[in-house]
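All of the numbers you see were taken from the coordinates with simple rules; none came from a lab. Since the model is a prediction, treat every value here as computed from it, not as a measurement. Please note: Cβ atoms are built from the backbone with ideal geometry, for glycine as well, and neighbour counts cover all protein chains shown.
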Amino acid sequence: MKRCVFFDRDGIVNESPGPGRWVLTPEEFHLRPGFPPLLSRVRRLGFEAVLATNQQAVGLGLISREMLETIHRQLREQLRTAYGLDLEDILVCPHRADEGCLCRKPKPGLLLEAARRHGYDLSACWMIGDAERDVEAGRAAGCRTVLIAPGEPVSVADVVVSSLEDLDKRIAEGRLIL
């Protein structure tokens, strides 16, 4: 049984540029300090790791697919050289919110595609995101879910934590079994 942790990108892997804004260049992409330790921990626990991200800026014509791929190559290179880590895959929904595609979260298309490509048992997988649409996509795909959000938001997620560091600590202490 192959297991995976799916990660949302903006706000989880890298610093979020803020509502209604996008990372459009490699210089604007800033890896969150809590992500590499968490990625390392889930990899040591036997999970593969996949990035599943909505990137509407492509559909809006604000960034080319080639530039987005450059940003993702830079991410993978940084993870490899600085931390000895990698991602199994990076799946992107490039569509605008109004296009009605099947891959844009909260729909589960990206996770279903990853399961098809890599043979994941989605019932043994986790989706980690910072928005309810990430949680909804994970639940629709049959995954367990983690919402990372400050405060005490109302969520249908299986687990709600305030930060990447809090999630990593809970896993390390055995308070959350993946």
| Condition check for Leu62: within 22 Å of Cys103 (Cα to Cα) and part of a strand (DSSP E or B) | no
| task | Could you tell me whether any residue of region 42-54 is assigned to a loop (DSSP other than H, G, I, E, B), closer than 16 Å to Ser163 by Cα and over 14 Å from the mean Cα position of the chain (by Cα)? | result | no
| remark: Val23 fails exactly one of (1) in a loop (DSSP other than H, G, I, E, B); (2) surrounded by fewer than 20 Cβ atoms within 10 Å (Cβ to Cβ); (3) hydrophobic (A, V, I, L, M, F, W, C), namely (2)
| Unmet requirement for Ser162, which otherwise passes all of (1) without any contact (Cβ under 8 Å) to a residue 40 or more places away in the chain; (2) in contact with a helix residue (DSSP H, G or I) (Cβ under 8 Å, 6 or more places away or on another chain); (3) not acidic (Asp, Glu) | (2)
| remark: Checked region 136-155 for anything buried (at least 20 other Cβ atoms within 10 Å of the Cβ), over 17 Å from Asn14 (Cβ atoms) and in contact (Cβ under 8 Å) with a residue 24 or more places away in the chain; matches are Glu136, Ala137, Gly138, Ala141, Cys143
| request: Search region 93-122 for residues that are outside any helix (DSSP H, G or I) and pair each with any residue that is among the charged types (D, E, K, R) and buried (at least 18 other Cβ atoms within 10 Å of the Cβ) when their beta-carbon atoms are under 6 Å apart and the residues are at least 6 apart or on different chains. | output: Cys93/Arg104; His95/Arg104; Lys105/Asp134; Pro106/Glu136
